[in-house]
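Below you'll find the structure, written out as C-alpha coordinates, and then a few comments.
The values are calculated or read from the model by the stated rules, or taken from the named source; none is laboratory data. Here the structure is a predicted model, which means the values were calculated and not measured. FYI the Cβ positions are ideal-geometry reconstructions off the backbone, even for glycines, and counts take in every protein chain you see. Ligands, DNA and RNA are excluded from the accessible area calculation, which covers all protein heavy atoms including side chains. Shrake-Rupley method; radii C 1.70, N 1.55, O 1.52, S 1.80 Å.
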Amino acid sequence: MDFDEKKLRLANRLKEELNLSEKVYNAIKKVPRHFFVPERYKSEAYVDTPLPIGYGQTISAPHMVAIMCELLDLKEGEKVLEIGTGCGYHAAVTAEIVGKTGIVVSVERIPELAEMAKRNLSALGYDNVLVVVGDGSLGYEPMAPYDKIYVTASAPDLPKPLLEQLKIGGKMVIPIGDTYQVLYVVEKDHEIRKWSWGAVRFVPLYGKYGFRDFEE
Ligand code: SAM
(Lines give C-alpha, C1' and ligand atoms only; values in the text may rest on other atoms or scores of the structure.)
Protein backbone atom coordinates (compact mmCIF):
# COMPACT_ATOMS: atom_id res chain seq x y z
CA MET A 1 0.00 0.00 0.00
CA ASP A 2 1.43 3.41 -0.87
CA PHE A 3 1.43 6.50 1.35
CA ASP A 4 -1.63 8.05 -0.32
CA GLU A 5 -3.68 4.94 0.24
CA LYS A 6 -2.56 4.66 3.89
CA LYS A 7 -3.32 8.35 4.44
CA LEU A 8 -6.82 8.00 3.00
CA ARG A 9 -7.52 4.93 5.17
CA LEU A 10 -6.37 6.75 8.30
CA ALA A 11 -8.48 9.83 7.48
CA ASN A 12 -11.53 7.65 6.82
CA ARG A 13 -11.04 5.75 10.07
CA LEU A 14 -10.67 8.95 12.11
CA LYS A 15 -13.71 10.46 10.41
CA GLU A 16 -15.76 7.44 11.42
CA GLU A 17 -14.40 7.10 14.96
CA LEU A 18 -14.37 10.80 15.85
CA ASN A 19 -17.25 11.98 13.69
CA LEU A 20 -14.94 14.55 12.09
CA SER A 21 -16.25 17.67 10.39
CA GLU A 22 -15.66 17.86 6.66
CA LYS A 23 -12.94 20.54 7.02
CA VAL A 24 -10.86 18.59 9.56
CA TYR A 25 -11.31 15.36 7.58
CA ASN A 26 -10.16 17.08 4.38
CA ALA A 27 -7.08 18.52 6.10
CA ILE A 28 -6.05 15.14 7.58
CA LYS A 29 -6.68 13.54 4.19
CA LYS A 30 -4.49 16.12 2.46
CA VAL A 31 -1.42 16.70 4.69
CA PRO A 32 1.31 14.09 4.01
CA ARG A 33 2.36 13.02 7.53
CA HIS A 34 5.13 10.80 6.09
CA PHE A 35 6.84 13.98 4.91
CA PHE A 36 7.20 15.18 8.54
CA VAL A 37 8.42 11.88 10.01
CA PRO A 38 12.12 10.88 10.19
CA GLU A 39 13.24 8.38 7.52
CA ARG A 40 13.29 5.35 9.80
CA TYR A 41 9.69 5.86 10.94
CA LYS A 42 8.19 6.62 7.53
CA SER A 43 6.59 3.20 7.26
CA GLU A 44 4.63 3.99 10.46
CA ALA A 45 3.60 7.51 9.42
CA TYR A 46 -0.08 6.55 9.04
CA VAL A 47 -0.31 4.51 12.23
CA ASP A 48 -2.38 6.55 14.70
CA THR A 49 0.39 7.05 17.25
CA PRO A 50 2.98 9.68 18.26
CA LEU A 51 6.45 9.03 16.76
CA PRO A 52 9.93 10.29 17.74
CA ILE A 53 11.22 13.30 15.78
CA GLY A 54 14.54 13.71 17.64
CA TYR A 55 15.60 15.95 20.57
CA GLY A 56 13.38 13.85 22.88
CA GLN A 57 10.24 15.18 21.13
CA THR A 58 7.40 13.61 19.17
CA ILE A 59 5.01 14.23 16.31
CA SER A 60 1.51 14.11 17.81
CA ALA A 61 -0.84 11.23 17.04
CA PRO A 62 -3.22 12.09 14.16
CA HIS A 63 -6.34 11.53 16.31
CA MET A 64 -5.05 14.13 18.83
CA VAL A 65 -4.36 16.64 16.05
CA ALA A 66 -7.87 16.07 14.67
CA ILE A 67 -9.51 16.37 18.10
CA MET A 68 -7.69 19.61 18.92
CA CYS A 69 -8.72 21.09 15.54
CA GLU A 70 -12.35 20.14 16.21
CA LEU A 71 -12.32 21.52 19.77
CA LEU A 72 -10.97 24.84 18.48
CA ASP A 73 -13.68 25.04 15.83
CA LEU A 74 -11.14 26.51 13.39
CA LYS A 75 -12.51 28.70 10.60
CA GLU A 76 -11.17 30.02 7.33
CA GLY A 77 -9.31 33.32 7.72
CA GLU A 78 -8.47 32.92 11.40
CA LYS A 79 -5.19 33.88 13.06
CA VAL A 80 -4.01 30.92 15.13
CA LEU A 81 -1.12 30.60 17.57
CA GLU A 82 0.45 27.16 18.06
CA ILE A 83 2.85 26.55 20.93
CA GLY A 84 5.22 23.65 20.18
CA THR A 85 5.85 23.39 16.41
CA GLY A 86 7.82 20.14 16.55
CA CYS A 87 8.28 19.08 12.91
CA GLY A 88 5.34 21.18 11.68
CA TYR A 89 2.66 18.54 10.98
CA HIS A 90 -0.09 19.95 13.20
CA ALA A 91 0.66 23.47 11.93
CA ALA A 92 0.17 22.21 8.35
CA VAL A 93 -3.21 20.65 9.25
CA THR A 94 -4.28 23.93 10.89
CA ALA A 95 -2.99 25.92 7.91
CA GLU A 96 -5.12 23.80 5.57
CA ILE A 97 -8.23 24.67 7.58
CA VAL A 98 -7.65 28.41 8.02
CA GLY A 99 -6.62 28.65 4.35
CA LYS A 100 -4.67 31.32 2.52
CA THR A 101 -6.63 34.13 4.16
CA GLY A 102 -5.68 32.83 7.61
CA ILE A 103 -2.33 32.53 9.33
CA VAL A 104 -0.69 30.12 11.76
CA VAL A 105 2.01 31.51 14.03
CA SER A 106 3.93 28.66 15.64
CA VAL A 107 6.54 28.94 18.41
CA GLU A 108 9.15 26.22 19.02
CA ARG A 109 11.84 26.32 21.70
CA ILE A 110 14.32 23.94 19.97
CA PRO A 111 15.97 25.81 17.06
CA GLU A 112 16.82 22.61 15.15
CA LEU A 113 13.18 21.49 15.20
CA ALA A 114 12.01 24.95 14.17
CA GLU A 115 14.40 24.78 11.18
CA MET A 116 13.15 21.32 10.28
CA ALA A 117 9.54 22.52 10.49
CA LYS A 118 10.31 25.57 8.33
CA ARG A 119 11.90 23.34 5.67
CA ASN A 120 8.98 20.87 5.71
CA LEU A 121 6.32 23.57 5.58
CA SER A 122 7.96 25.60 2.84
CA ALA A 123 8.65 22.49 0.71
CA LEU A 124 4.91 21.74 0.86
CA GLY A 125 3.98 25.35 0.04
CA TYR A 126 2.52 26.35 3.43
CA ASP A 127 3.41 30.03 3.20
CA ASN A 128 0.65 30.90 5.68
CA VAL A 129 2.69 29.48 8.59
CA LEU A 130 5.21 31.61 10.48
CA VAL A 131 7.61 29.56 12.62
CA VAL A 132 9.32 31.43 15.46
CA VAL A 133 12.04 30.19 17.83
CA GLY A 134 11.39 31.10 21.45
CA ASP A 135 9.62 30.41 24.70
CA GLY A 136 6.05 29.75 23.66
CA SER A 137 4.84 29.87 27.26
CA LEU A 138 5.12 33.64 26.71
CA GLY A 139 3.01 33.42 23.55
CA TYR A 140 4.06 35.64 20.64
CA GLU A 141 3.14 39.23 21.37
CA PRO A 142 4.09 40.83 17.99
CA MET A 143 1.22 39.06 16.18
CA ALA A 144 -1.34 39.12 19.05
CA PRO A 145 -4.29 38.96 19.55
CA TYR A 146 -5.24 35.52 18.21
CA ASP A 147 -8.60 34.02 17.32
CA LYS A 148 -7.46 30.61 18.55
CA ILE A 149 -4.48 29.27 20.51
CA TYR A 150 -3.41 25.67 21.05
CA VAL A 151 -0.54 24.19 23.02
CA THR A 152 1.02 20.84 22.06
CA ALA A 153 2.99 20.31 25.31
CA SER A 154 1.55 19.97 28.81
CA ALA A 155 1.69 23.07 31.04
CA PRO A 156 1.67 23.26 34.86
CA ASP A 157 -1.16 25.80 34.65
CA LEU A 158 -2.82 28.17 32.19
CA PRO A 159 0.02 30.52 31.04
CA LYS A 160 -1.13 34.10 31.72
CA PRO A 161 0.42 35.58 28.52
CA LEU A 162 -1.54 33.12 26.37
CA LEU A 163 -4.79 34.14 28.00
CA GLU A 164 -3.92 37.81 27.46
CA GLN A 165 -3.06 37.23 23.78
CA LEU A 166 -6.37 35.48 23.06
CA LYS A 167 -9.10 37.66 21.49
CA ILE A 168 -12.37 38.23 23.31
CA GLY A 169 -14.57 35.48 21.90
CA GLY A 170 -11.47 33.35 21.24
CA LYS A 171 -10.76 29.76 22.22
CA MET A 172 -7.71 27.95 23.51
CA VAL A 173 -6.98 24.22 23.79
CA ILE A 174 -4.24 23.23 26.22
CA PRO A 175 -3.11 20.14 28.10
CA ILE A 176 -2.44 20.83 31.78
CA GLY A 177 -0.78 18.55 34.30
CA ASP A 178 2.35 16.60 35.07
CA THR A 179 2.01 12.83 35.40
CA TYR A 180 -1.78 13.13 35.10
CA GLN A 181 -2.71 15.48 32.25
CA VAL A 182 -6.08 16.81 31.16
CA LEU A 183 -6.90 18.59 27.90
CA TYR A 184 -8.80 21.82 28.59
CA VAL A 185 -10.87 24.04 26.34
CA VAL A 186 -10.72 27.67 27.45
CA GLU A 187 -13.23 30.23 26.20
CA LYS A 188 -12.50 33.90 26.69
CA ASP A 189 -15.44 36.22 26.87
CA HIS A 190 -15.86 38.93 29.44
CA GLU A 191 -15.18 36.05 31.79
CA ILE A 192 -13.03 32.93 31.34
CA ARG A 193 -14.79 29.57 30.98
CA LYS A 194 -12.74 26.39 31.15
CA TRP A 195 -13.90 22.80 30.71
CA SER A 196 -12.01 19.54 30.52
CA TRP A 197 -12.17 17.27 27.49
CA GLY A 198 -10.39 14.30 29.08
CA ALA A 199 -7.09 12.67 29.97
CA VAL A 200 -4.19 12.99 27.51
CA ARG A 201 -0.43 12.37 27.26
CA PHE A 202 1.91 15.13 26.01
CA VAL A 203 5.59 16.05 26.43
CA PRO A 204 6.14 18.83 29.04
CA LEU A 205 5.92 22.53 28.24
CA TYR A 206 9.12 24.24 29.38
CA GLY A 207 9.83 27.95 29.76
CA LYS A 208 8.82 30.77 32.08
CA TYR A 209 5.23 29.56 32.46
CA GLY A 210 6.21 25.94 31.82
CA PHE A 211 7.62 23.36 34.19
CA ARG A 212 11.08 24.96 34.32
CA ASP A 213 13.30 27.28 32.36
CA PHE A 214 15.16 25.91 29.32
CA GLU A 215 18.61 26.30 30.79
CA GLU A 216 18.00 24.28 33.97
N1 SAM B 1 2.96 20.21 17.02
C2 SAM B 1 3.75 19.03 16.86
C3 SAM B 1 3.24 18.17 15.73
O4 SAM B 1 3.02 18.74 14.69
O5 SAM B 1 3.10 16.95 15.87
C6 SAM B 1 3.96 18.25 18.10
C7 SAM B 1 4.86 18.94 19.03
S8 SAM B 1 5.59 18.06 20.33
C9 SAM B 1 4.35 17.02 20.98
C10 SAM B 1 5.70 19.40 21.51
C11 SAM B 1 6.71 20.46 21.15
O12 SAM B 1 6.62 21.50 22.13
C13 SAM B 1 8.15 20.00 21.15
O14 SAM B 1 8.71 20.21 19.88
C15 SAM B 1 8.82 20.87 22.22
O16 SAM B 1 10.15 21.22 21.92
C17 SAM B 1 7.90 22.07 22.23
N18 SAM B 1 7.97 22.91 23.44
C19 SAM B 1 8.02 22.57 24.75
N20 SAM B 1 8.06 23.67 25.54
C21 SAM B 1 8.02 24.74 24.69
C22 SAM B 1 8.03 26.16 24.88
N23 SAM B 1 8.08 26.73 26.07
N24 SAM B 1 7.98 26.94 23.79
C25 SAM B 1 7.92 26.41 22.54
N26 SAM B 1 7.91 25.08 22.29
C27 SAM B 1 7.96 24.26 23.35
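So the values come out like this:
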quantity: The range 183-211, residues that are away from the ligand (no atom under 16 Å from the Cβ), surrounded by 15 or more Cβ atoms within 10 Å (Cβ to Cβ) and hydroxyl-bearing (Ser, Thr, Tyr); calculated: Tyr184
quantity: Top-ranked residue of the range 99-110 - restricted to ones that are more than 10 Å from the ligand (Cβ to nearest atom) and not hydrophobic (A, V, I, L, M, F, W, C), ranked as surrounded by the most Cβ atoms within 10 Å (Cβ to Cβ); calculated: Gly102
quantity: Residue under evaluation Asp135, criteria (1) buried (at least 24 other Cβ atoms within 10 Å of the Cβ); (2) within 14 Å of the ligand (Cβ to nearest atom), criterion not met; calculated: (1)
quantity: Helices (runs of 4 or more DSSP H) (entirely within the range 12-98) containing at least 3 residues that are within 10 Å of the ligand (Cβ to nearest atom); calculated: 62-72, 89-98
quantity: Selection count, the range 122-131, where residues are open to solvent by less than 20 Å² (accessible area, probe 1.4 Å) and either at pLDDT below 95 or outside any loop (DSSP other than H, G, I, E, B) (or both); calculated: 1
quantity: Identity of the residue in the range 138-170, open to solvent by 30 Å² or more (accessible area, probe 1.4 Å) and closer than 27 Å to Phe36 by Cα, that ends up nearest to the ligand (Cβ to nearest atom); calculated: Leu138
quantity: Subset of the range 54-84 [open to solvent by less than 10 Å² (accessible area, probe 1.4 Å), closer than 19 Å to Gly207 by Cβ and β-branched (Val, Ile, Thr)]; calculated: Ile83
